[in-house]
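Got a structure for you, questions after.
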Amino acid sequence: MRAFKKVVSVVVLLLMVGVTAVFVLENRQPVGLTFFGWSAPQLSLAVPVILALLLGMLIGPVLAWFAGLRKKRSGAVRSA
């Protein structure tokens, strides 16, 4: 069973790498971003999209963790 999970994990990882590579190769058009007066240099479209994805993948679990703490604290206060 462990070997099966390892094979599935490797296959999923390879698929993700492949999809990311295709995405990067298909979105090579340069774009410039401006945010509150700050201008980023011209980058491939894939760069800001992938950075936004990674940022969301980092922020999402942190916000869920804070929401869980808040829910746990409000439940502890009500039961006391």
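The values are calculated or read from the model by the stated rules, or taken from the named source; none is laboratory data. As the structure is a prediction and not an experimental result, all values here were calculated from the model. Cβ placement follows ideal geometry from the backbone for every residue including glycine, while neighbour counts extend to all protein chains displayed.
Looking only at the stretch 25-42, count how many residues are modelled with pLDDT of 90 or more and of a type in the set (A, V, I, L, M).
Summing the residues that are modelled with pLDDT of 90 or more and of a type in the set (A, V, I, L, M) in the stretch 25-42 gives 2.
Within the stretch 1-24, track down each residue that is of a type in the set (A, V, I, L, M, F, W, C) and either in a loop (DSSP other than H, G, I, E, B) or more than 19 Å from the chain's Cα centre (by Cα) (or both).
Across the stretch 1-24, the qualifying residues are 1, 3, 4, 7, 8, 10, 11.
Being under 17 Å from residue 51 (Cβ atoms), surrounded by 10 or more Cβ atoms within 10 Å (Cβ to Cβ) and not basic (Lys, Arg): is that true of residue 23 here?
In short, yes.
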